[in-house]
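Worksheet: one structure, shown below.
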Amino acid sequence: MSTTVTPPPSGAKLNRLGLGINEYKGGDSTLCAGCGHDAITSQIIRAFWEYGVEPHRVAKLSGIGCSSKTPAYFLGQAHGINAVHGRMPSIATGTMLANKDLVAIGVSGDGDSVSIGLGQLCHLLRRNVPMIYIIENNGVYGLTKGQFSATADLGSRSKTGDMNDLPAIDVCTLAIEMGCSFVARSFAGDPKQLLALLKAAISHRGTVLLDVISPCVTFNNHEGSTKSYRFAKAHEELLHDISYVPFFEQISVDYEEGESIEVTMHDGSHLRLRKAGRDHNPTSKKAAIKLLGDTDVSKELLTGLIYVNEDQPDFVSTLNLCETPLALLEGKDVRPGPEALAEVMQSLM
Ligand SMILES: Cc1ncc(C[n+]2csc(CCOP(=O)(O)OP(=O)(O)O)c2C)c(N)n1
Ligand code: SF4
Ligand SMILES: [Mg+2]
(Lines give C-alpha, C1' and ligand atoms only; values in the text may rest on other atoms or scores of the structure.)
(Ligands and ions follow the chains in the order given, each with its own letter.)
Protein backbone atom coordinates (compact mmCIF):
# COMPACT_ATOMS: atom_id res chain seq x y z
CA MET A 1 0.00 0.00 0.00
CA SER A 2 1.25 3.49 -0.72
CA THR A 3 -0.03 6.95 -0.03
CA THR A 4 0.31 10.20 -1.94
CA VAL A 5 1.63 12.84 0.39
CA THR A 6 1.16 16.49 -0.49
CA PRO A 7 4.26 18.39 0.66
CA PRO A 8 3.33 20.63 3.61
CA PRO A 9 3.78 24.39 3.17
CA SER A 10 7.29 25.48 4.15
CA GLY A 11 7.55 26.30 7.84
CA ALA A 12 4.57 24.05 8.72
CA LYS A 13 5.01 21.87 11.80
CA LEU A 14 5.65 18.23 10.93
CA ASN A 15 5.24 15.02 12.92
CA ARG A 16 7.84 12.24 13.20
CA LEU A 17 6.80 10.92 9.76
CA GLY A 18 7.39 14.34 8.21
CA LEU A 19 3.67 14.93 7.69
CA GLY A 20 1.75 18.15 8.38
CA ILE A 21 -1.57 18.09 10.20
CA ASN A 22 -3.44 18.72 6.93
CA GLU A 23 -2.58 15.16 5.89
CA TYR A 24 -4.78 14.00 8.76
CA LYS A 25 -7.85 16.05 7.85
CA GLY A 26 -10.86 14.93 5.82
CA GLY A 27 -13.73 16.67 4.05
CA ASP A 28 -15.62 19.67 5.44
CA SER A 29 -18.19 18.86 8.11
CA THR A 30 -21.87 19.11 7.21
CA LEU A 31 -22.99 18.84 10.85
CA CYS A 32 -24.80 21.66 12.71
CA ALA A 33 -22.50 24.47 13.88
CA GLY A 34 -21.49 23.78 17.50
CA CYS A 35 -22.22 20.02 17.39
CA GLY A 36 -20.03 18.16 19.91
CA HIS A 37 -19.12 15.61 17.24
CA ASP A 38 -17.03 18.19 15.36
CA ALA A 39 -15.01 18.94 18.51
CA ILE A 40 -14.22 15.22 18.81
CA THR A 41 -13.18 15.06 15.13
CA SER A 42 -10.64 17.85 15.76
CA GLN A 43 -9.02 15.86 18.56
CA ILE A 44 -8.96 12.64 16.49
CA ILE A 45 -7.07 14.53 13.76
CA ARG A 46 -4.63 15.95 16.31
CA ALA A 47 -4.08 12.62 18.12
CA PHE A 48 -3.27 10.64 14.96
CA TRP A 49 -1.01 13.44 13.73
CA GLU A 50 0.86 13.92 17.01
CA TYR A 51 1.28 10.16 17.47
CA GLY A 52 2.47 9.85 13.87
CA VAL A 53 0.24 7.08 12.53
CA GLU A 54 0.57 6.57 8.77
CA PRO A 55 -2.86 7.57 7.40
CA HIS A 56 -3.01 4.66 4.92
CA ARG A 57 -2.62 2.18 7.82
CA VAL A 58 -5.89 3.32 9.39
CA ALA A 59 -9.33 1.75 8.92
CA LYS A 60 -12.25 4.04 9.77
CA LEU A 61 -15.55 2.38 10.62
CA SER A 62 -19.00 3.66 11.45
CA GLY A 63 -22.71 2.88 11.35
CA ILE A 64 -25.53 5.36 10.72
CA GLY A 65 -26.17 8.68 12.45
CA CYS A 66 -24.67 12.19 12.56
CA SER A 67 -21.79 10.70 14.60
CA SER A 68 -21.31 7.94 12.04
CA LYS A 69 -20.85 10.57 9.32
CA THR A 70 -17.77 11.99 11.03
CA PRO A 71 -15.12 9.56 9.65
CA ALA A 72 -15.59 11.51 6.40
CA TYR A 73 -14.15 14.56 8.19
CA PHE A 74 -10.80 13.09 9.32
CA LEU A 75 -7.97 11.05 7.79
CA GLY A 76 -9.05 11.46 4.18
CA GLN A 77 -6.33 9.04 3.02
CA ALA A 78 -7.40 6.17 5.29
CA HIS A 79 -9.62 3.21 4.40
CA GLY A 80 -13.27 3.58 5.42
CA ILE A 81 -16.44 1.52 5.70
CA ASN A 82 -19.80 3.08 6.57
CA ALA A 83 -21.87 0.09 7.76
CA VAL A 84 -25.62 -0.48 8.08
CA HIS A 85 -27.25 0.99 11.23
CA GLY A 86 -25.92 -0.80 14.35
CA ARG A 87 -23.76 -3.26 12.40
CA MET A 88 -20.38 -1.57 12.63
CA PRO A 89 -19.00 -4.00 15.28
CA SER A 90 -19.18 -7.05 12.99
CA ILE A 91 -17.68 -5.13 10.06
CA ALA A 92 -14.90 -3.92 12.38
CA THR A 93 -14.25 -7.45 13.65
CA GLY A 94 -13.97 -8.72 10.07
CA THR A 95 -11.69 -5.84 9.12
CA MET A 96 -9.24 -6.59 11.92
CA LEU A 97 -9.28 -10.32 11.21
CA ALA A 98 -8.57 -9.62 7.54
CA ASN A 99 -5.72 -7.23 8.27
CA LYS A 100 -4.48 -7.23 11.86
CA ASP A 101 -1.80 -4.66 11.02
CA LEU A 102 -4.33 -1.86 10.53
CA VAL A 103 -5.18 0.67 13.23
CA ALA A 104 -8.97 0.60 13.44
CA ILE A 105 -11.05 3.49 14.69
CA GLY A 106 -14.82 3.22 14.85
CA VAL A 107 -17.05 6.23 15.47
CA SER A 108 -20.65 5.60 16.32
CA GLY A 109 -23.53 7.13 18.26
CA ASP A 110 -25.49 6.13 21.33
CA GLY A 111 -28.40 5.16 19.07
CA ASP A 112 -26.25 3.21 16.62
CA SER A 113 -24.30 1.36 19.34
CA VAL A 114 -26.51 1.14 22.39
CA SER A 115 -30.03 1.02 20.90
CA ILE A 116 -30.17 -0.92 17.59
CA GLY A 117 -26.57 -2.18 17.75
CA LEU A 118 -26.31 -3.26 21.38
CA GLY A 119 -26.02 -7.01 20.69
CA GLN A 120 -23.24 -6.44 18.18
CA LEU A 121 -21.40 -4.09 20.52
CA CYS A 122 -21.49 -6.61 23.40
CA HIS A 123 -19.79 -9.29 21.30
CA LEU A 124 -17.10 -6.89 20.08
CA LEU A 125 -16.36 -5.93 23.70
CA ARG A 126 -16.19 -9.51 25.01
CA ARG A 127 -13.86 -10.46 22.17
CA ASN A 128 -11.55 -7.53 22.90
CA VAL A 129 -11.22 -6.77 19.18
CA PRO A 130 -8.19 -4.50 18.74
CA MET A 131 -9.73 -1.16 17.85
CA ILE A 132 -10.70 2.25 19.18
CA TYR A 133 -14.47 2.44 19.54
CA ILE A 134 -15.81 5.95 20.16
CA ILE A 135 -19.42 6.48 21.15
CA GLU A 136 -20.34 10.11 20.54
CA ASN A 137 -22.98 10.13 23.23
CA ASN A 138 -25.69 12.81 23.04
CA GLY A 139 -28.58 10.79 24.49
CA VAL A 140 -30.67 11.17 21.32
CA TYR A 141 -30.99 10.03 17.73
CA GLY A 142 -29.71 13.32 16.32
CA LEU A 143 -30.00 12.38 12.65
CA THR A 144 -33.68 11.43 12.94
CA LYS A 145 -34.63 14.54 14.90
CA GLY A 146 -34.04 13.91 18.57
CA GLN A 147 -35.84 10.79 19.87
CA PHE A 148 -34.45 9.47 23.20
CA SER A 149 -31.78 6.81 22.85
CA ALA A 150 -30.95 4.05 25.34
CA THR A 151 -28.34 6.28 27.05
CA ALA A 152 -30.85 9.07 27.87
CA ASP A 153 -31.10 9.46 31.63
CA LEU A 154 -34.28 8.52 33.44
CA GLY A 155 -36.28 11.70 34.03
CA SER A 156 -34.41 13.84 31.49
CA ARG A 157 -36.58 16.01 29.23
CA SER A 158 -36.68 16.24 25.46
CA LYS A 159 -36.75 19.60 23.68
CA THR A 160 -40.54 19.30 23.36
CA GLY A 161 -40.91 18.64 27.11
CA ASP A 162 -41.48 14.86 27.11
CA MET A 163 -39.89 12.96 29.98
CA ASN A 164 -37.73 9.89 29.42
CA ASP A 165 -39.27 7.18 31.58
CA LEU A 166 -36.72 4.42 30.98
CA PRO A 167 -33.41 3.94 32.82
CA ALA A 168 -30.21 4.69 30.90
CA ILE A 169 -27.66 2.06 29.89
CA ASP A 170 -24.24 3.12 31.19
CA VAL A 171 -21.86 2.17 28.40
CA CYS A 172 -18.75 2.25 30.58
CA THR A 173 -20.22 -0.18 33.13
CA LEU A 174 -21.45 -2.36 30.30
CA ALA A 175 -18.04 -2.36 28.61
CA ILE A 176 -16.19 -3.36 31.79
CA GLU A 177 -18.71 -6.12 32.53
CA MET A 178 -18.37 -7.41 28.95
CA GLY A 179 -14.58 -7.74 29.17
CA CYS A 180 -13.37 -4.61 27.36
CA SER A 181 -9.74 -3.89 28.26
CA PHE A 182 -9.68 -0.04 28.12
CA VAL A 183 -12.69 1.98 29.22
CA ALA A 184 -12.73 5.77 29.48
CA ARG A 185 -15.19 8.61 29.45
CA SER A 186 -14.62 12.14 28.27
CA PHE A 187 -16.51 15.22 27.16
CA ALA A 188 -16.40 17.02 23.80
CA GLY A 189 -15.83 20.26 25.74
CA ASP A 190 -12.62 18.93 27.35
CA PRO A 191 -10.15 18.75 24.40
CA LYS A 192 -7.03 18.29 26.55
CA GLN A 193 -8.30 15.19 28.31
CA LEU A 194 -9.78 13.80 25.12
CA LEU A 195 -6.50 14.21 23.23
CA ALA A 196 -4.49 12.36 25.91
CA LEU A 197 -7.03 9.53 26.02
CA LEU A 198 -7.05 9.23 22.23
CA LYS A 199 -3.26 8.94 22.06
CA ALA A 200 -3.30 6.29 24.79
CA ALA A 201 -6.05 4.55 22.84
CA ILE A 202 -3.82 4.35 19.75
CA SER A 203 -1.14 2.68 21.93
CA HIS A 204 -3.49 0.08 23.37
CA ARG A 205 -3.83 -3.45 21.96
CA GLY A 206 -7.43 -4.52 22.55
CA THR A 207 -10.80 -2.79 22.51
CA VAL A 208 -10.78 0.82 23.68
CA LEU A 209 -14.27 2.00 24.53
CA LEU A 210 -14.33 5.80 24.67
CA ASP A 211 -17.69 7.15 25.78
CA VAL A 212 -17.59 10.84 24.87
CA ILE A 213 -20.46 13.08 25.98
CA SER A 214 -21.09 15.07 22.82
CA PRO A 215 -23.98 17.53 23.05
CA CYS A 216 -26.47 17.72 20.18
CA VAL A 217 -27.00 21.48 19.98
CA THR A 218 -30.09 21.13 17.81
CA PHE A 219 -32.13 18.56 19.76
CA ASN A 220 -30.62 18.00 23.21
CA ASN A 221 -28.90 21.07 24.62
CA HIS A 222 -31.76 22.59 26.63
CA GLU A 223 -32.63 22.91 30.32
CA GLY A 224 -33.68 19.45 31.59
CA SER A 225 -31.24 17.57 29.33
CA THR A 226 -28.42 15.71 31.07
CA LYS A 227 -26.35 15.61 27.87
CA SER A 228 -26.14 19.39 27.32
CA TYR A 229 -22.96 21.49 27.44
CA ARG A 230 -24.19 23.27 30.55
CA PHE A 231 -25.05 20.07 32.44
CA ALA A 232 -21.80 18.33 31.49
CA LYS A 233 -19.67 21.34 32.53
CA ALA A 234 -21.50 21.72 35.83
CA HIS A 235 -21.37 18.01 36.76
CA GLU A 236 -18.04 16.85 35.35
CA GLU A 237 -16.06 14.95 37.97
CA LEU A 238 -12.52 14.73 36.64
CA LEU A 239 -10.82 11.57 37.91
CA HIS A 240 -7.28 12.70 37.12
CA ASP A 241 -5.18 15.07 35.04
CA ILE A 242 -3.95 12.91 32.21
CA SER A 243 -0.70 13.31 30.37
CA TYR A 244 0.60 11.02 27.68
CA VAL A 245 4.27 10.40 26.95
CA PRO A 246 4.79 8.61 23.60
CA PHE A 247 7.31 5.78 23.29
CA PHE A 248 9.54 7.93 21.07
CA GLU A 249 9.96 10.65 23.71
CA GLN A 250 12.25 10.57 26.73
CA ILE A 251 10.39 10.24 30.02
CA SER A 252 11.23 13.03 32.42
CA VAL A 253 10.12 12.70 36.01
CA ASP A 254 8.25 15.87 36.95
CA TYR A 255 5.85 14.62 39.58
CA GLU A 256 5.91 13.59 43.20
CA GLU A 257 5.76 9.86 43.87
CA GLY A 258 2.47 8.81 45.38
CA GLU A 259 0.57 11.59 43.63
CA SER A 260 0.35 9.85 40.27
CA ILE A 261 -0.33 6.48 38.76
CA GLU A 262 1.58 5.53 35.66
CA VAL A 263 0.23 3.05 33.11
CA THR A 264 2.69 1.55 30.63
CA MET A 265 1.04 0.89 27.28
CA HIS A 266 1.83 -1.99 24.89
CA ASP A 267 4.11 0.07 22.69
CA GLY A 268 6.13 1.44 25.63
CA SER A 269 4.26 4.76 25.85
CA HIS A 270 3.27 6.01 29.27
CA LEU A 271 0.00 7.37 30.52
CA ARG A 272 0.42 9.44 33.63
CA LEU A 273 -2.63 9.96 35.80
CA ARG A 274 -2.29 12.69 38.37
CA LYS A 275 -5.05 12.63 40.95
CA ALA A 276 -7.63 15.37 40.34
CA GLY A 277 -10.81 14.18 42.03
CA ARG A 278 -10.85 11.01 44.08
CA ASP A 279 -8.41 8.16 44.55
CA HIS A 280 -8.98 5.54 41.90
CA ASN A 281 -6.89 2.64 40.69
CA PRO A 282 -7.94 2.09 37.05
CA THR A 283 -6.44 -1.40 36.97
CA SER A 284 -9.06 -2.67 39.44
CA LYS A 285 -12.24 -3.87 37.75
CA LYS A 286 -14.09 -4.02 41.06
CA ALA A 287 -13.14 -0.44 41.96
CA ALA A 288 -14.10 0.82 38.49
CA ILE A 289 -17.58 -0.70 38.61
CA LYS A 290 -18.14 0.60 42.15
CA LEU A 291 -17.03 4.11 41.18
CA LEU A 292 -19.36 4.16 38.17
CA GLY A 293 -22.24 3.02 40.39
CA ASP A 294 -21.47 5.65 43.04
CA THR A 295 -21.26 8.51 40.54
CA ASP A 296 -24.45 7.37 38.84
CA VAL A 297 -26.27 7.74 42.17
CA SER A 298 -24.66 11.14 42.89
CA LYS A 299 -25.46 12.31 39.30
CA GLU A 300 -21.84 13.24 38.58
CA LEU A 301 -20.35 12.92 35.12
CA LEU A 302 -17.23 10.88 35.80
CA THR A 303 -14.50 11.46 33.19
CA GLY A 304 -11.02 10.02 32.70
CA LEU A 305 -9.50 6.55 32.42
CA ILE A 306 -11.91 4.34 34.35
CA TYR A 307 -10.51 0.87 33.64
CA VAL A 308 -7.48 -0.59 31.89
CA ASN A 309 -6.06 -4.09 31.63
CA GLU A 310 -2.90 -4.21 29.54
CA ASP A 311 -2.49 -7.98 30.04
CA GLN A 312 -5.73 -9.14 28.51
CA PRO A 313 -5.16 -10.81 25.10
CA ASP A 314 -6.91 -9.19 22.17
CA PHE A 315 -9.07 -11.19 19.73
CA VAL A 316 -6.36 -11.51 17.08
CA SER A 317 -3.89 -13.00 19.59
CA THR A 318 -6.58 -15.31 21.00
CA LEU A 319 -7.19 -16.72 17.52
CA ASN A 320 -3.46 -17.26 17.07
CA LEU A 321 -3.49 -15.96 13.49
CA CYS A 322 -0.45 -16.31 11.26
CA GLU A 323 2.10 -13.50 11.13
CA THR A 324 1.07 -12.28 7.65
CA PRO A 325 -2.32 -10.53 7.68
CA LEU A 326 -4.93 -12.85 6.09
CA ALA A 327 -5.72 -10.28 3.40
CA LEU A 328 -2.10 -10.32 2.25
CA LEU A 329 -1.64 -14.09 2.03
CA GLU A 330 -0.95 -15.41 -1.44
CA GLY A 331 -3.30 -17.79 -3.24
CA LYS A 332 -0.91 -20.73 -2.82
CA ASP A 333 -0.95 -20.23 0.97
CA VAL A 334 -4.72 -20.32 1.28
CA ARG A 335 -5.50 -22.98 -1.37
CA PRO A 336 -3.72 -26.23 -0.43
CA GLY A 337 -4.07 -27.83 -3.92
CA PRO A 338 -4.88 -31.36 -5.18
CA GLU A 339 -1.87 -33.06 -3.51
CA ALA A 340 -2.98 -31.91 -0.06
CA LEU A 341 -6.54 -33.05 -0.78
CA ALA A 342 -5.28 -36.44 -1.96
CA GLU A 343 -3.29 -36.76 1.24
CA VAL A 344 -6.36 -36.01 3.37
CA MET A 345 -8.44 -38.50 1.38
CA GLN A 346 -5.73 -41.13 1.79
CA SER A 347 -5.68 -40.58 5.54
CA LEU A 348 -9.42 -41.30 5.66
CA MET A 349 -9.24 -44.60 3.77
C1 LIG B 1 -32.38 -0.17 10.22
C2 LIG B 1 -32.55 1.31 10.45
N3 LIG B 1 -33.40 1.73 11.39
C4 LIG B 1 -33.55 3.06 11.63
C5 LIG B 1 -32.83 3.98 10.91
C6 LIG B 1 -33.03 5.46 11.16
N7 LIG B 1 -31.93 6.06 11.88
C8 LIG B 1 -30.91 6.65 11.23
S9 LIG B 1 -29.76 7.27 12.26
C10 LIG B 1 -30.63 6.76 13.62
C11 LIG B 1 -30.18 7.04 15.02
C12 LIG B 1 -28.83 7.67 15.12
O13 LIG B 1 -28.58 8.02 16.44
P14 LIG B 1 -27.12 8.02 17.01
O15 LIG B 1 -26.41 6.77 16.68
O16 LIG B 1 -27.22 8.36 18.45
O17 LIG B 1 -26.40 9.17 16.18
P18 LIG B 1 -26.48 10.77 16.29
O19 LIG B 1 -27.23 11.16 15.07
O20 LIG B 1 -27.18 11.12 17.55
O21 LIG B 1 -25.06 11.18 16.27
C22 LIG B 1 -31.81 6.10 13.24
C23 LIG B 1 -32.80 5.55 14.20
C24 LIG B 1 -31.92 3.49 9.93
N25 LIG B 1 -31.15 4.30 9.21
N26 LIG B 1 -31.80 2.16 9.73
S1 SF4 C 1 -28.65 17.11 14.74
FE2 SF4 C 1 -27.48 17.13 16.64
S3 SF4 C 1 -26.04 15.40 16.47
FE4 SF4 C 1 -26.79 15.90 14.40
S5 SF4 C 1 -25.29 17.34 13.56
FE6 SF4 C 1 -26.94 18.56 14.48
S7 SF4 C 1 -26.19 18.97 16.55
FE8 SF4 C 1 -24.97 17.26 15.79
MG1 LIG D 1 -26.96 10.15 19.43
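Observations
- Residue within the range 41-49 that is more than 16 Å from ligand 1 (Cβ to nearest atom), in contact with a helix residue (DSSP H, G or I) (Cβ under 9 Å, 6 or more places away or on another chain), open to solvent by less than 10 Å² (accessible area, probe 1.4 Å) and not acidic (Asp, Glu) present: yes
- Contact map, the range 303-331: first residue at positive phi and among the basic types (Lys, Arg), second residue at pLDDT 95 or above and open to solvent by 50 Å² or more (accessible area, probe 1.4 Å), Cβ cut-off under 8 Å, separation 6 or more or different chains; the map is empty.
- Check on Val308, modelled with pLDDT of 95 or more and in contact with a Lys or Arg (Cβ under 8 Å, 6 or more places away or on another chain): no
- Long-range neighbours under 9 Å by Cβ, at least six apart or interchain, first residue on the phi > 0 side of the Ramachandran plot and of a type in the set (Gly, Ala, Ser) within the range 94-117, second away from ligand 1 (no atom under 12 Å from the Cβ) and open to solvent by less than 10 Å² (accessible area, probe 1.4 Å): none
- Pick from the range 143-184, criterion in a strand (DSSP E or B) and closer than 30 Å to Ala201 by Cα, ranking: nearest to ligand 2 (Cβ to nearest atom): Phe148
- Count - residues of the range 80-122 that are more than 23 Å from Thr173 (Cα to Cα), open to solvent by less than 40 Å² (accessible area, probe 1.4 Å) and among the β-branched types (Val, Ile, Thr): 2
- Of the set (1) open to solvent by less than 10 Å² (accessible area, probe 1.4 Å); (2) out of contact with any Pro (no Cβ under 9 Å at 6 or more places or on another chain); (3) within 16 Å of ligand 3 (Cβ to nearest atom), all apply to Lys145 but (1).
- If only residues of the range 303-332 that are open to solvent by 90 Å² or more (accessible area, probe 1.4 Å) and among the charged types (D, E, K, R) are counted, the one that is farthest from Asp190 (Cα to Cα) is Lys332.
- Residue ranges of helices (runs of 4 or more DSSP H) in the range 30-100 with at least 2 members within 16 Å of ligand 2 (Cβ to nearest atom) and among the small types (Gly, Ala, Ser): 36-51, 66-69
The values are calculated or read from the model by the stated rules, or taken from the named source; none is laboratory data. What you are looking at is a predicted structure, and each value in this text was computed from that prediction instead of being measured. Note: ideal-geometry Cβ built from the backbone for every residue, glycine included; neighbour counts use all protein chains shown. Note: accessible area is taken over every heavy atom of the protein model, side chains too, but ligands, DNA and RNA are not part of it. Shrake-Rupley method; radii C 1.70, N 1.55, O 1.52, S 1.80 Å.
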